[in-house]
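Colleague: First the structure, then my questions, so here it is.
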Amino acid sequence: MSPSNPPAWLSLDRDAGDLEGQVYRGIRDRILGGQIGPGHRVPPTRGLASSLGIARSTVVGAYERLKAEGFLEAATGSCCRVAALSMSAVTPPRERPASASAAAPRSHLMMLQPGVPDLEDFPRATWARYLGSRARSMRVLELGYEDAGGAANLREAIVEHLSAIRGVVAHPDQVVILPSTRAAIDLLAFLQLRASGNSVAWVEEPGYASAKALLTAAGARIVPVPCDEAGIDVTRAEGLPPGLIYVTPSHQYPTGATMSLQRRLALLELAHKSGALILEDDYDSDFQYGSRPIAALQGIDRHATVAYLGTFSKILAPGIRVAYAVLPRWLLSQAVETLRLRGIGVPVHIQAALADFIRDGRLRAYLRQRNTRYAERMQATREALSNRCGHLISLETGSGGLQLASWFHDQSTDDTTVVRKLHDKGIAPQAMSRFFEGRARSGLLFGIARSLPESAEKVAQTIADVLAKG
């Protein structure tokens, strides 16, 4: 096969994303359909990548999946051939009548979907080497139950990273490792609401819907506190003083606002006086475009009122399933004991591999690369939406993070209806109204991580057409 001539049966939909998955499924389906028989030599990874105009690592990843599942087998040198499969496995399936209610493939709903990082350039081969190295070299001591709060080397690596990048002030023993930020919110809500005897939880308005659901499930009474361009305004809170306060100060979710210093100091003072615990969710603040990341609220806390929450799901990959909480010392022993009791943890070889990945500078390098790429995508998305839809929506600044908030000029617009119509077009923003507890504002929240600059204008025009039709 000539590098300039890709196979006619393998075409990629770049707007749909997951290029590795498309290559994998394209070859797998040809094998299962009988069009590629046993012993057939598949194109070399370098040549196929060149012909498709994608990274070689993408093709390598697809081939590795096919080999792991038994569709391909390695031959002499670097050649791969189709494995010898039973005839029943490669018989073309009988055609079935299409179901009108069948759901669209998930990949078709990925354009502008919030909360999803771009995994196309994730260093899979490098990460696999770190995982493999640690899995082969685990010591007996490391395979026991001793570290319910997490592996010591990962705690140390996280503190080194956070102190340099986010201004967090902590000792490694204040860090606990969890499988997700949601697990951290659930754990800390359980501990604080029970210990304080105060079930009132202040949350940002608008704010993260999953955090509200978790707090409610823990028995909290939710009190929404208004946010504006300077973040949460505790002077506008109504009702009883809080036992717990959930905030996203560096990059407010979903608006993207950064909490001002005056508001931060006021929040810390109120928490100190009321005995409340602040949950600072710093979910994607590693991504700042045109400025250094904003220092964490935890770094200026002088009364041990802040529990700082972070995750590697947004900056690396959700499938890694590693998050962390930096806790005040007075809360630490309770948290670790509860983790031990509930059996919540992250596999030790993943923790060790991630610690090596951070210590070797891989995380810092990846974040630099991602910041450049995401900044380009944020700018392209914002400019395209402004050009095509500016007469219908107003956009937030998009100065950081992986999502871009917008508001309808006509606040009578039903954003949930608009979202349904856009989903039919393969575009998946979220309705801004779903982030409100009280009177809602209507708008759309766009994810930029998978937005390709070359298709931004086309996607924005589709959104404009949907909005114009009402």
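We did not get these values from a lab; they are worked out from the coordinates using the rules stated. Treat the numbers as computed from the prediction; the structure is a model and nothing was measured. Cβ placement follows ideal geometry from the backbone for every residue including glycine, while neighbour counts extend to all protein chains displayed.
Colleague: Among DSSP beta bridges lying fully in the chain, give the percent that are antiparallel, nearest 5.
Modeller: The antiparallel fraction comes to roughly 60 percent.
Colleague: What are the semi-axes of the equivalent ellipsoid of region 253-367, taken as the square roots of 5 times the eigenvalues of the Cα gyration tensor, listed largest first and rounded to whole Å?
Modeller: 26, 22, 11
Colleague: For residue 69 and residue 164, what does the FRET efficiency come to when R0 = 60 Å and r is the distance between their Cβ atoms, rounded to the nearest 0.05?
Modeller: 0.90
Colleague: Would you please give the FRET efficiency between residue 40 and residue 342, computed as 1/(1 + (r/R0)^6) with r the Cβ-Cβ distance and R0 = 51 Å, to the nearest 0.05?
Modeller: 0.50
Colleague: If you don't mind, there's one more thing I want to ask. Using Cβ contacts closer than 10 Å as the measure, can you line up 324, 283 from fewest to most?
Modeller: With the fewest neighbours first, 324, 283 line up as 283, 324.
Colleague: Along the principal axes of its C-alpha atoms, what lengths does region 368-469 span, in descending order and rounded to whole Å?
Modeller: Answer, in whole Å and largest first: 40, 29, 23 Å.
Colleague: What list do you get for 404, 32, 240 if you sort them by fewest beta carbons within 10 Å?
Modeller: 240, 32, 404
Colleague: Can you pick out the pairs among 421/469; 212/425; 273/314; 212/421; 314/458 whose Cα atoms lie more than 22 Å from each other?
Modeller: Pairs exceeding the cut-off: 212/425; 273/314; 212/421; 314/458.
Colleague: Regarding the chain, what's the average projected area of the Cα-atom convex hull, expressed in nm²?
Modeller: Mean projected area for the chain: 25.4 nm², to one decimal.
Colleague: I've got another one for you. So, how do all the Cα-to-Cα distances of region 314-399 break down into 5 Å bins, in percent, from 0 on up?
Modeller: Each 5 Å bin holds this share of Cα pairs: 2, 10, 13, 15, 12, 12, 10, 10, 8, 5, 2, 0.
Colleague: I've got another one for you. Given the DSSP H assignment, sum -39500 (n - 2.57) over each helix run of at least 4 residues in the chain and divide by its residue total; what's the result at 222 nm in deg cm²/dmol, nearest 500?
Modeller: Counting only the DSSP helices, I get -12000 deg cm²/dmol.
Colleague: Points 7 angstrom from Cα along the Cβ direction at residue 273 and residue 12: gap in nanometres?
Modeller: So the label points at residue 273 and residue 12 sit 5.8 nm apart.
Colleague: Next question. Would you mind getting me the FRET efficiency between residue 434 and residue 317? Use the beta-carbon distance for r and R0 = 22 Å, nearest 0.05.
Modeller: 0.30
Colleague: Compute the projected area of the convex hull of the Cα atoms of region 152-223, averaged over all viewing directions, and report it in nm² to one decimal place.
Modeller: 5.9
Colleague: Based on Cα coordinates alone, diagonalise the gyration tensor for region 181-262, multiply each eigenvalue by 5, take square roots, and list the semi-axes in whole Å, largest first.
Modeller: Taking √(5λ) for each eigenvalue gives 21, 14, 10 Å, largest first.
Colleague: According to the Kirkwood expression over distinct Cα-Cα pairs, how big is the hydrodynamic radius of region 125-363, in Å?
Modeller: The answer is 18.2 Å.
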